[in-house]
Amino acid sequence: MALDTIQTLLHSESARNGITARGWVRTKRDSKSCSFLEISDGSCFKGLQVVVDAALPTAELLPRILTGASVEVVGDLVASPAAGQKWEMQAAELCLLGEADATYPLQKKGHTPEFLRTIAHLRPRTNLFGSVFRVRSKMAYAVHRFFQERGFFYVHTPIITSSDCEGAGEMFQVTTLKPNTPTKPEQDFFGRPTYLTVSGQLQGEAFACALGNIYTFGPTFRAENSNTTRHAAEFWMIEPEMAFYDLTADMTLAEEHVRYLVQAMFDECPDELEFFNKFIDKGLIDRLKQTLAKPFERISYTDAVDILLKSGRNFEHPVVWGDSLQTEHERYLAEEHVKGPVTIFNYPKDIKPFYMRQNDDGKTAAAMDLLVPGIGEIVGGSQREERLDVLEALMSKQGLDPENYSWYADLRRYGSVPHAGYGLGFERLLMFVTGVPNIRDVIPFARTPGHAAY
Ligand code: 4AD
Ligand code: MG
(Lines give C-alpha, C1' and ligand atoms only; values in the text may rest on other atoms or scores of the structure.)
(Ligands and ions follow the chains in the order given, each with its own letter.)
Protein backbone atom coordinates (compact mmCIF):
# COMPACT_ATOMS: atom_id res chain seq x y z
CA MET A 1 0.00 0.00 0.00
CA ALA A 2 1.18 3.51 -0.75
CA LEU A 3 2.35 5.57 2.20
CA ASP A 4 0.01 8.25 3.51
CA THR A 5 0.69 11.71 2.18
CA ILE A 6 -0.39 14.94 3.81
CA GLN A 7 -2.95 15.20 1.04
CA THR A 8 -4.53 11.86 2.01
CA LEU A 9 -4.34 12.69 5.72
CA LEU A 10 -6.00 16.09 5.34
CA HIS A 11 -8.79 14.49 3.32
CA SER A 12 -9.39 11.80 5.91
CA GLU A 13 -13.06 11.04 6.60
CA SER A 14 -12.50 10.44 10.28
CA ALA A 15 -9.94 10.72 13.06
CA ARG A 16 -7.19 8.07 12.86
CA ASN A 17 -4.79 6.70 15.41
CA GLY A 18 -1.25 5.50 14.78
CA ILE A 19 -0.58 7.36 11.55
CA THR A 20 2.77 8.41 10.16
CA ALA A 21 3.33 11.76 8.46
CA ARG A 22 6.49 12.82 6.68
CA GLY A 23 7.59 16.11 5.23
CA TRP A 24 9.66 19.25 5.47
CA VAL A 25 9.21 21.74 8.27
CA ARG A 26 7.77 25.04 7.08
CA THR A 27 7.46 26.76 10.45
CA LYS A 28 7.92 26.00 14.11
CA ARG A 29 6.21 27.82 16.98
CA ASP A 30 6.97 27.11 20.61
CA SER A 31 4.67 27.66 23.54
CA LYS A 32 5.23 26.68 27.16
CA SER A 33 3.79 23.20 27.08
CA CYS A 34 4.11 22.29 23.42
CA SER A 35 5.46 23.19 19.99
CA PHE A 36 3.61 23.47 16.69
CA LEU A 37 5.31 22.29 13.53
CA GLU A 38 3.79 22.96 10.13
CA ILE A 39 5.01 20.24 7.84
CA SER A 40 4.53 20.05 4.13
CA ASP A 41 5.31 17.21 1.74
CA GLY A 42 4.33 18.86 -1.55
CA SER A 43 1.35 16.56 -2.06
CA CYS A 44 -1.12 19.42 -1.74
CA PHE A 45 -1.21 23.14 -1.11
CA LYS A 46 -1.84 22.91 2.61
CA GLY A 47 0.55 21.69 5.27
CA LEU A 48 -0.23 19.57 8.32
CA GLN A 49 -0.05 21.07 11.78
CA VAL A 50 1.73 18.80 14.22
CA VAL A 51 1.42 19.40 17.94
CA VAL A 52 4.41 18.15 19.91
CA ASP A 53 3.96 17.96 23.67
CA ALA A 54 7.06 19.19 25.49
CA ALA A 55 6.84 16.14 27.77
CA LEU A 56 7.45 13.68 24.89
CA PRO A 57 10.83 11.93 25.10
CA THR A 58 11.60 12.81 21.46
CA ALA A 59 10.65 16.47 22.04
CA GLU A 60 14.30 16.95 22.93
CA LEU A 61 14.96 16.96 19.17
CA LEU A 62 12.95 20.16 18.74
CA PRO A 63 15.86 22.61 19.08
CA ARG A 64 17.51 20.88 16.09
CA ILE A 65 14.35 20.92 13.98
CA LEU A 66 14.56 24.17 12.02
CA THR A 67 12.82 25.43 8.89
CA GLY A 68 13.63 23.09 6.00
CA ALA A 69 14.43 20.03 8.12
CA SER A 70 12.77 16.75 7.13
CA VAL A 71 10.90 14.82 9.77
CA GLU A 72 8.82 11.70 10.29
CA VAL A 73 6.11 11.86 12.92
CA VAL A 74 4.03 9.04 14.39
CA GLY A 75 0.86 9.98 16.23
CA ASP A 76 -2.88 10.53 15.92
CA LEU A 77 -4.93 12.52 13.46
CA VAL A 78 -7.39 14.53 15.55
CA ALA A 79 -9.96 17.24 14.89
CA SER A 80 -8.23 20.63 14.96
CA PRO A 81 -9.54 23.41 17.16
CA ALA A 82 -7.80 25.93 14.88
CA ALA A 83 -9.75 27.77 12.18
CA GLY A 84 -9.22 26.81 8.54
CA GLN A 85 -8.13 23.22 9.08
CA LYS A 86 -10.19 20.16 9.80
CA TRP A 87 -7.38 17.92 11.05
CA GLU A 88 -4.15 18.26 12.94
CA MET A 89 -1.73 15.72 14.29
CA GLN A 90 -0.93 14.96 17.90
CA ALA A 91 2.61 13.62 17.86
CA ALA A 92 3.63 10.58 19.92
CA GLU A 93 7.08 10.24 18.45
CA LEU A 94 9.31 12.53 16.42
CA CYS A 95 12.13 11.50 14.14
CA LEU A 96 14.52 13.99 12.55
CA LEU A 97 15.37 12.60 9.11
CA GLY A 98 17.54 15.41 7.77
CA GLU A 99 18.64 18.59 9.48
CA ALA A 100 18.65 21.99 7.76
CA ASP A 101 20.71 24.72 9.34
CA ALA A 102 20.26 28.47 9.28
CA THR A 103 21.86 28.70 5.81
CA TYR A 104 18.74 27.06 4.30
CA PRO A 105 17.73 29.73 1.78
CA LEU A 106 13.96 29.36 2.13
CA GLN A 107 13.47 30.93 5.50
CA LYS A 108 10.08 32.41 6.29
CA LYS A 109 10.44 35.75 4.51
CA GLY A 110 9.15 36.16 0.96
CA HIS A 111 11.61 35.84 -1.90
CA THR A 112 11.46 37.34 -5.38
CA PRO A 113 10.97 34.99 -8.36
CA GLU A 114 14.32 36.28 -9.66
CA PHE A 115 16.12 35.07 -6.55
CA LEU A 116 14.24 31.80 -6.56
CA ARG A 117 15.35 31.17 -10.17
CA THR A 118 18.91 31.00 -8.84
CA ILE A 119 17.89 28.11 -6.57
CA ALA A 120 15.70 26.23 -9.03
CA HIS A 121 16.55 22.97 -7.23
CA LEU A 122 14.95 24.23 -3.99
CA ARG A 123 12.17 26.47 -5.27
CA PRO A 124 9.61 23.64 -5.69
CA ARG A 125 9.47 23.65 -1.88
CA THR A 126 7.91 27.12 -1.84
CA ASN A 127 4.16 27.73 -1.95
CA LEU A 128 4.42 29.44 -5.32
CA PHE A 129 6.49 26.86 -7.12
CA GLY A 130 4.91 23.89 -5.39
CA SER A 131 1.60 25.20 -6.74
CA VAL A 132 2.95 25.86 -10.23
CA PHE A 133 4.36 22.37 -10.57
CA ARG A 134 1.35 20.58 -9.15
CA VAL A 135 -0.75 22.50 -11.68
CA ARG A 136 1.73 21.59 -14.43
CA SER A 137 1.23 17.91 -13.68
CA LYS A 138 -2.57 18.16 -13.47
CA MET A 139 -2.70 20.10 -16.74
CA ALA A 140 -0.47 17.57 -18.52
CA TYR A 141 -2.82 14.80 -17.48
CA ALA A 142 -5.85 16.88 -18.54
CA VAL A 143 -4.25 17.35 -21.97
CA HIS A 144 -4.06 13.59 -22.39
CA ARG A 145 -7.60 13.14 -21.05
CA PHE A 146 -8.99 15.71 -23.46
CA PHE A 147 -7.58 13.87 -26.47
CA GLN A 148 -8.06 10.32 -25.23
CA GLU A 149 -11.75 11.06 -24.44
CA ARG A 150 -12.10 12.11 -28.09
CA GLY A 151 -10.41 9.02 -29.52
CA PHE A 152 -7.12 10.69 -30.47
CA PHE A 153 -3.95 8.56 -30.47
CA TYR A 154 -0.78 9.73 -28.77
CA VAL A 155 2.19 9.59 -31.16
CA HIS A 156 5.81 9.95 -30.07
CA THR A 157 7.40 12.04 -32.77
CA PRO A 158 11.22 12.16 -32.89
CA ILE A 159 13.32 14.57 -30.88
CA ILE A 160 16.27 14.36 -33.30
CA THR A 161 15.29 15.25 -36.83
CA SER A 162 16.69 16.35 -40.18
CA SER A 163 13.61 18.49 -41.04
CA ASP A 164 13.12 22.15 -40.15
CA CYS A 165 9.35 22.24 -39.73
CA GLU A 166 8.97 25.96 -39.26
CA GLY A 167 11.66 26.80 -41.86
CA ALA A 168 12.96 29.53 -39.61
CA GLY A 169 16.48 28.10 -39.24
CA GLU A 170 16.23 28.28 -35.45
CA MET A 171 17.49 24.78 -34.80
CA PHE A 172 20.09 23.42 -32.39
CA GLN A 173 22.40 21.12 -34.29
CA VAL A 174 22.98 17.59 -32.99
CA THR A 175 26.43 16.30 -33.90
CA THR A 176 29.20 14.03 -32.71
CA LEU A 177 31.79 15.73 -34.91
CA LYS A 178 34.59 17.49 -33.07
CA PRO A 179 34.69 21.25 -33.51
CA ASN A 180 37.43 22.74 -35.69
CA THR A 181 38.27 19.53 -37.53
CA PRO A 182 37.70 19.29 -41.27
CA THR A 183 34.80 16.87 -41.67
CA LYS A 184 31.90 16.34 -44.05
CA PRO A 185 28.26 15.96 -42.97
CA GLU A 186 28.38 12.35 -44.25
CA GLN A 187 30.92 11.55 -41.53
CA ASP A 188 28.56 12.68 -38.81
CA PHE A 189 26.71 10.19 -36.60
CA PHE A 190 23.57 10.11 -38.72
CA GLY A 191 25.35 10.66 -42.03
CA ARG A 192 23.59 13.98 -42.48
CA PRO A 193 23.01 17.19 -40.53
CA THR A 194 20.52 16.68 -37.72
CA TYR A 195 18.86 18.96 -35.19
CA LEU A 196 16.67 19.01 -32.10
CA THR A 197 13.10 19.27 -33.31
CA VAL A 198 11.24 22.60 -33.35
CA SER A 199 7.91 20.82 -33.83
CA GLY A 200 6.57 17.29 -34.23
CA GLN A 201 4.04 18.42 -36.79
CA LEU A 202 5.47 16.98 -40.02
CA GLN A 203 5.80 13.48 -38.56
CA GLY A 204 2.43 14.01 -36.85
CA GLU A 205 0.90 14.57 -40.28
CA ALA A 206 2.18 11.17 -41.43
CA PHE A 207 0.35 9.53 -38.53
CA ALA A 208 -2.83 11.60 -38.97
CA CYS A 209 -2.85 10.41 -42.58
CA ALA A 210 -2.99 6.85 -41.21
CA LEU A 211 -4.66 6.86 -37.77
CA GLY A 212 -6.95 9.85 -38.33
CA ASN A 213 -6.78 11.93 -35.17
CA ILE A 214 -3.45 12.04 -33.33
CA TYR A 215 -1.51 14.27 -30.98
CA THR A 216 2.05 14.66 -29.85
CA PHE A 217 3.06 16.16 -26.51
CA GLY A 218 6.76 16.53 -26.01
CA PRO A 219 9.74 18.82 -25.71
CA THR A 220 10.63 21.13 -28.58
CA PHE A 221 13.67 23.34 -29.01
CA ARG A 222 14.25 26.72 -30.58
CA ALA A 223 17.55 28.50 -30.90
CA GLU A 224 15.85 31.87 -31.25
CA ASN A 225 17.68 34.59 -29.43
CA SER A 226 14.57 36.22 -27.99
CA ASN A 227 14.95 37.18 -24.40
CA THR A 228 11.31 37.69 -23.48
CA THR A 229 9.01 36.54 -20.72
CA ARG A 230 7.25 34.23 -23.20
CA HIS A 231 10.10 32.48 -25.03
CA ALA A 232 12.16 29.52 -23.88
CA ALA A 233 14.79 27.61 -25.85
CA GLU A 234 13.30 24.32 -24.59
CA PHE A 235 9.55 24.14 -24.15
CA TRP A 236 6.79 21.56 -24.34
CA MET A 237 4.28 21.62 -27.12
CA ILE A 238 1.00 19.79 -27.64
CA GLU A 239 0.35 19.21 -31.32
CA PRO A 240 -2.84 17.52 -32.49
CA GLU A 241 -3.21 16.70 -36.18
CA MET A 242 -6.55 15.69 -37.66
CA ALA A 243 -7.32 14.07 -41.01
CA PHE A 244 -10.36 15.55 -42.80
CA TYR A 245 -10.43 18.74 -40.66
CA ASP A 246 -10.51 22.16 -42.28
CA LEU A 247 -9.39 25.41 -40.65
CA THR A 248 -12.78 26.04 -39.03
CA ALA A 249 -12.86 22.61 -37.39
CA ASP A 250 -9.24 23.15 -36.31
CA MET A 251 -10.09 26.48 -34.61
CA THR A 252 -13.10 24.93 -32.90
CA LEU A 253 -10.99 22.10 -31.45
CA ALA A 254 -8.28 24.49 -30.21
CA GLU A 255 -10.87 26.65 -28.46
CA GLU A 256 -12.58 23.64 -26.92
CA HIS A 257 -9.16 22.39 -25.78
CA VAL A 258 -8.21 25.64 -24.02
CA ARG A 259 -11.62 25.87 -22.33
CA TYR A 260 -11.34 22.24 -21.20
CA LEU A 261 -8.01 22.99 -19.54
CA VAL A 262 -9.36 26.12 -17.84
CA GLN A 263 -12.28 24.08 -16.51
CA ALA A 264 -9.80 21.45 -15.24
CA MET A 265 -8.00 24.23 -13.38
CA PHE A 266 -11.22 25.12 -11.52
CA ASP A 267 -12.08 21.47 -10.88
CA GLU A 268 -8.71 20.04 -9.93
CA CYS A 269 -6.57 22.87 -8.57
CA PRO A 270 -8.92 25.05 -6.49
CA ASP A 271 -6.43 25.75 -3.67
CA GLU A 272 -3.67 26.70 -6.08
CA LEU A 273 -6.05 28.85 -8.13
CA GLU A 274 -7.12 30.75 -5.03
CA PHE A 275 -3.47 31.26 -4.07
CA PHE A 276 -2.50 32.58 -7.52
CA ASN A 277 -5.51 34.87 -7.55
CA LYS A 278 -4.58 36.30 -4.17
CA PHE A 279 -0.81 36.64 -4.51
CA ILE A 280 0.14 36.59 -8.21
CA ASP A 281 -2.67 38.03 -10.30
CA LYS A 282 -5.80 39.46 -8.71
CA GLY A 283 -7.80 39.30 -11.94
CA LEU A 284 -7.03 35.65 -12.62
CA ILE A 285 -10.25 33.96 -11.52
CA ASP A 286 -12.43 36.57 -13.24
CA ARG A 287 -10.47 36.24 -16.44
CA LEU A 288 -10.64 32.45 -16.41
CA LYS A 289 -14.38 32.58 -15.68
CA GLN A 290 -14.89 34.88 -18.67
CA THR A 291 -13.01 32.36 -20.78
CA LEU A 292 -15.63 29.77 -19.93
CA ALA A 293 -18.60 32.12 -20.21
CA LYS A 294 -18.85 32.44 -23.98
CA PRO A 295 -17.32 31.10 -27.19
CA PHE A 296 -14.09 32.77 -28.27
CA GLU A 297 -14.30 35.49 -30.90
CA ARG A 298 -12.77 34.98 -34.33
CA ILE A 299 -11.40 37.81 -36.46
CA SER A 300 -9.66 37.52 -39.84
CA TYR A 301 -6.13 38.90 -40.05
CA THR A 302 -7.32 41.52 -42.51
CA ASP A 303 -10.05 42.72 -40.13
CA ALA A 304 -7.57 42.64 -37.24
CA VAL A 305 -5.24 44.95 -39.16
CA ASP A 306 -8.16 47.35 -39.73
CA ILE A 307 -9.03 47.28 -36.03
CA LEU A 308 -5.42 48.03 -35.10
CA LEU A 309 -5.18 50.86 -37.62
CA LYS A 310 -8.40 52.40 -36.34
CA SER A 311 -7.43 51.96 -32.68
CA GLY A 312 -5.73 55.33 -32.53
CA ARG A 313 -2.87 53.63 -30.70
CA ASN A 314 0.72 54.59 -31.19
CA PHE A 315 2.23 51.12 -31.49
CA GLU A 316 5.99 50.71 -31.32
CA HIS A 317 5.83 48.51 -34.44
CA PRO A 318 3.77 50.02 -37.24
CA VAL A 319 0.73 48.07 -38.38
CA VAL A 320 1.13 47.04 -42.02
CA TRP A 321 -0.94 44.45 -43.90
CA GLY A 322 1.50 41.66 -44.75
CA ASP A 323 3.61 41.91 -41.60
CA SER A 324 3.46 39.58 -38.60
CA LEU A 325 1.40 40.80 -35.68
CA GLN A 326 3.71 41.82 -32.85
CA THR A 327 2.99 40.96 -29.22
CA GLU A 328 1.78 44.52 -28.57
CA HIS A 329 -0.74 44.12 -31.41
CA GLU A 330 -1.85 40.70 -30.20
CA ARG A 331 -2.31 41.98 -26.69
CA TYR A 332 -4.31 45.00 -27.87
CA LEU A 333 -6.66 42.70 -29.76
CA ALA A 334 -7.15 40.28 -26.85
CA GLU A 335 -7.01 42.70 -23.91
CA GLU A 336 -8.62 45.84 -25.22
CA HIS A 337 -10.63 45.05 -28.30
CA VAL A 338 -12.15 41.68 -27.44
CA LYS A 339 -11.39 41.63 -23.70
CA GLY A 340 -10.95 37.89 -23.86
CA PRO A 341 -9.41 35.14 -25.98
CA VAL A 342 -9.61 35.66 -29.74
CA THR A 343 -8.63 33.56 -32.74
CA ILE A 344 -7.09 35.41 -35.69
CA PHE A 345 -7.21 33.52 -38.99
CA ASN A 346 -6.22 33.75 -42.67
CA TYR A 347 -2.78 35.32 -42.32
CA PRO A 348 -0.75 36.62 -45.28
CA LYS A 349 0.80 33.57 -46.97
CA ASP A 350 4.23 35.12 -47.37
CA ILE A 351 4.92 35.26 -43.62
CA LYS A 352 3.92 31.64 -43.04
CA PRO A 353 5.77 28.30 -43.40
CA PHE A 354 5.61 26.15 -46.53
CA TYR A 355 3.07 23.61 -45.24
CA MET A 356 0.08 25.92 -44.83
CA ARG A 357 -2.84 25.62 -47.19
CA GLN A 358 -3.03 28.48 -49.67
CA ASN A 359 -6.39 30.25 -49.81
CA ASP A 360 -8.11 30.99 -53.13
CA ASP A 361 -7.56 34.76 -52.76
CA GLY A 362 -3.90 34.24 -53.72
CA LYS A 363 -2.83 36.36 -50.71
CA THR A 364 -3.57 34.44 -47.54
CA ALA A 365 -3.02 31.01 -46.01
CA ALA A 366 -5.48 29.01 -43.88
CA ALA A 367 -3.57 29.77 -40.68
CA MET A 368 -4.81 30.64 -37.21
CA ASP A 369 -3.39 31.91 -33.92
CA LEU A 370 -5.29 31.88 -30.63
CA LEU A 371 -4.44 34.96 -28.55
CA VAL A 372 -5.21 35.41 -24.86
CA PRO A 373 -5.08 38.46 -22.58
CA GLY A 374 -1.80 38.92 -20.74
CA ILE A 375 0.23 36.73 -23.07
CA GLY A 376 -0.73 36.96 -26.73
CA GLU A 377 -0.31 33.82 -28.85
CA ILE A 378 -0.76 30.51 -27.08
CA VAL A 379 -1.83 28.42 -30.08
CA GLY A 380 -0.59 28.49 -33.67
CA GLY A 381 -2.05 26.21 -36.31
CA SER A 382 -3.30 25.78 -39.84
CA GLN A 383 -4.96 23.66 -42.43
CA ARG A 384 -2.19 21.89 -44.35
CA GLU A 385 -1.59 22.14 -48.08
CA GLU A 386 -2.86 18.80 -49.38
CA ARG A 387 -2.33 19.51 -53.13
CA LEU A 388 0.98 18.02 -54.27
CA ASP A 389 1.72 20.56 -57.00
CA VAL A 390 0.96 23.53 -54.74
CA LEU A 391 3.05 22.05 -51.92
CA GLU A 392 6.01 21.41 -54.22
CA ALA A 393 5.88 24.98 -55.50
CA LEU A 394 5.83 26.29 -51.90
CA MET A 395 8.77 24.09 -50.90
CA SER A 396 10.90 25.26 -53.79
CA LYS A 397 9.94 28.89 -53.16
CA GLN A 398 11.12 28.54 -49.57
CA GLY A 399 14.33 26.84 -50.66
CA LEU A 400 13.71 23.41 -49.10
CA ASP A 401 15.66 20.43 -50.43
CA PRO A 402 12.95 18.34 -52.16
CA GLU A 403 14.86 15.13 -51.47
CA ASN A 404 14.78 15.76 -47.73
CA TYR A 405 11.02 16.29 -47.79
CA SER A 406 10.02 13.66 -50.37
CA TRP A 407 8.50 11.52 -47.62
CA TYR A 408 6.32 14.51 -46.67
CA ALA A 409 5.27 14.98 -50.29
CA ASP A 410 4.37 11.27 -50.43
CA LEU A 411 1.51 11.99 -48.01
CA ARG A 412 0.05 14.07 -50.88
CA ARG A 413 1.14 11.64 -53.58
CA TYR A 414 -0.74 8.70 -52.07
CA GLY A 415 -4.30 9.18 -50.83
CA SER A 416 -3.99 12.85 -49.93
CA VAL A 417 -6.70 14.21 -47.64
CA PRO A 418 -7.54 17.64 -46.27
CA HIS A 419 -6.07 17.87 -42.78
CA ALA A 420 -5.25 20.42 -40.12
CA GLY A 421 -3.61 20.79 -36.73
CA TYR A 422 -2.16 23.20 -34.24
CA GLY A 423 0.48 23.60 -31.57
CA LEU A 424 -0.41 24.70 -28.04
CA GLY A 425 2.59 25.96 -26.08
CA PHE A 426 2.30 24.15 -22.75
CA GLU A 427 4.20 26.80 -20.77
CA ARG A 428 2.13 29.61 -22.32
CA LEU A 429 -1.00 27.71 -21.28
CA LEU A 430 0.39 27.41 -17.74
CA MET A 431 1.10 31.14 -17.64
CA PHE A 432 -2.50 31.73 -18.68
CA VAL A 433 -4.08 29.49 -16.02
CA THR A 434 -1.77 30.54 -13.16
CA GLY A 435 -1.22 34.22 -13.93
CA VAL A 436 2.54 33.67 -13.49
CA PRO A 437 4.01 36.34 -15.77
CA ASN A 438 7.35 34.76 -16.73
CA ILE A 439 7.84 31.52 -18.70
CA ARG A 440 10.98 30.81 -16.62
CA ASP A 441 8.73 30.25 -13.63
CA VAL A 442 6.40 27.62 -15.09
CA ILE A 443 9.08 25.16 -16.32
CA PRO A 444 11.16 23.22 -13.77
CA PHE A 445 14.60 24.13 -15.11
CA ALA A 446 14.37 26.90 -17.71
CA ARG A 447 16.64 27.05 -20.75
CA THR A 448 16.90 30.55 -22.19
CA PRO A 449 19.75 32.35 -24.02
CA GLY A 450 22.78 32.24 -21.72
CA HIS A 451 21.10 29.96 -19.18
CA ALA A 452 21.29 26.19 -18.96
CA ALA A 453 22.25 25.61 -15.32
CA TYR A 454 21.29 22.27 -13.74
O1 4AD B 1 3.33 28.93 -33.76
P2 4AD B 1 4.34 27.83 -33.64
O3 4AD B 1 5.72 28.11 -34.06
O4 4AD B 1 3.72 26.63 -34.51
C5 4AD B 1 4.30 25.45 -34.78
O6 4AD B 1 5.37 25.06 -34.35
C7 4AD B 1 3.44 24.54 -35.60
N8 4AD B 1 4.28 23.50 -36.21
C9 4AD B 1 2.37 23.95 -34.71
C10 4AD B 1 1.41 23.04 -35.44
O11 4AD B 1 0.64 23.50 -36.23
N12 4AD B 1 1.44 21.76 -35.15
O13 4AD B 1 4.36 27.29 -32.16
C14 4AD B 1 3.16 26.82 -31.56
C15 4AD B 1 3.04 27.34 -30.15
C16 4AD B 1 2.96 28.86 -30.05
O17 4AD B 1 1.65 29.31 -30.25
C18 4AD B 1 3.45 29.09 -28.63
O19 4AD B 1 2.39 28.86 -27.71
C20 4AD B 1 4.47 28.01 -28.45
O21 4AD B 1 4.20 27.00 -29.39
N22 4AD B 1 5.84 28.51 -28.65
C23 4AD B 1 6.72 28.77 -27.66
N24 4AD B 1 6.60 28.65 -26.34
C25 4AD B 1 7.66 28.98 -25.58
N26 4AD B 1 8.85 29.40 -26.08
C27 4AD B 1 9.02 29.52 -27.42
N28 4AD B 1 10.21 29.90 -27.91
C29 4AD B 1 7.92 29.20 -28.28
N30 4AD B 1 7.73 29.20 -29.61
C31 4AD B 1 6.47 28.78 -29.82
MG1 MG C 1 3.21 30.92 -34.16
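Worth pointing out:
- Output for the stretch 226-269, where each listed residue is among the β-branched types (V, I, T) and either within 10 Å of ligand 1 (Cβ to nearest atom) or farther than 24 Å from E205 by Cβ (or both): T228, T229, I238, V262
- Matching residues, the stretch 14-36, being touching a Gly at 6+ places or on another chain (Cβ under 9 Å) and surrounded by 12 or more Cβ atoms within 10 Å (Cβ to Cβ): I19, T20, A21, G23, W24, V25, R26, T27
- Yes/no for V73 being free of Cβ contacts under 8 Å to residues at least 60 places away in the same chain, closer than 22 Å to S12 by Cβ and touching a Lys or Arg at 6+ places or on another chain (Cβ under 8 Å): yes
- Residue tally, condition without any contact (Cβ under 8 Å) to a residue 40 or more places away in the chain, in a loop (DSSP other than H, G, I, E, B) and touching a strand residue (DSSP E or B) at 6+ places or on another chain (Cβ under 9 Å), over the stretch 30-54: 4
- Residues being assigned to a strand (DSSP E or B) and loosely packed, with under 10 Cβ neighbours inside 10 Å - total across the stretch 78-94: 0
- Within the stretch 343-361, not a single residue is among the aliphatic types (A, V, I, L, M), closer than 23 Å to D250 by Cβ and more than 16 Å from ligand 2 (Cβ to nearest atom).
- Filtering the stretch 298-337 to residues that are among the polar types (S, T, N, Q), modelled with pLDDT under 95 and touching a strand residue (DSSP E or B) at 6+ places or on another chain (Cβ under 8 Å) leaves only T327.
- Residue match in the stretch 63-73 (condition: of a type in the set (G, A, S), in a strand (DSSP E or B) and on the phi > 0 side of the Ramachandran plot): no
- Looking only at the stretch 412-426, and only at residues there that are surrounded by 22 or more Cβ atoms within 10 Å (Cβ to Cβ) and of a type outside the set (F, W, Y), the one that is farthest from ligand 2 (Cβ to nearest atom): H419
- Residue match in the stretch 43-55 (condition: in contact with a helix residue (DSSP H, G or I) (Cβ under 8 Å, 6 or more places away or on another chain), modelled with pLDDT of 95 or more and hydroxyl-bearing (S, T, Y)): yes
- Residue under evaluation V338, criteria (1) within 25 Å of L284 (Cα to Cα); (2) within 16 Å of ligand 2 (Cβ to nearest atom); (3) out of contact with any Phe, Trp or Tyr (no Cβ under 7 Å at 6 or more places or on another chain), criterion not met: (2)
Per-residue answers, yes or no, for (1) among the basic types (K, R); (2) modelled with pLDDT of 95 or more; (3) more than 16 Å from ligand 2 (Cβ to nearest atom); (4) touching a Phe, Trp or Tyr at 6+ places or on another chain (Cβ under 6 Å):
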| residue | (1), (2), (3), (4) |
| --- | --- |
| K363 | yes, yes, yes, no |
| N404 | no, no, yes, no |
| R428 | yes, yes, no, no |
| M431 | no, yes, no, no |
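- Residue count for the stretch 443-453 under the criterion of being within 14 Å of G130 (Cα to Cα) and either near ligand 1 (Cβ under 10 Å from one of its atoms) or without any contact (Cβ under 8 Å) to a residue 60 or more places away in the chain (or both): the result is 1.
- Note on the stretch 315-350: among residues that are of a type outside the set (K, R) and over 18 Å from G376 (Cα atoms), the one that is surrounded by the most Cβ atoms within 10 Å (Cβ to Cβ) is P348.
Here's the yes/no breakdown for (1) among the basic types (K, R); (2) within 27 Å of E256 (Cβ to Cβ):
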position: L292; (1), (2): no, yes
position: R298; (1), (2): yes, yes
position: T302; (1), (2): no, yes
position: N314; (1), (2): no, no
position: V319; (1), (2): no, no
position: S324; (1), (2): no, yes
position: H329; (1), (2): no, yes
position: A334; (1), (2): no, yes
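- Of all residues making up the stretch 276-310, the number that are assigned to a helix (DSSP H, G or I), without any contact (Cβ under 8 Å) to a residue 24 or more places away in the chain and either small (G, A, S) or exposed (fewer than 13 other Cβ atoms within 10 Å of the Cβ) (or both): 5
- Test: E239 is within 20 Å of V433 (Cα to Cα) and among the acidic types (D, E): yes
The values are calculated or read from the model by the stated rules, or taken from the named source; none is laboratory data. Quantities reported herein were computed from a predicted structural model and do not represent experimental measurements. No Cβ is skipped: glycine too gets one built from the backbone with ideal geometry, and neighbour counts run over all protein chains shown.
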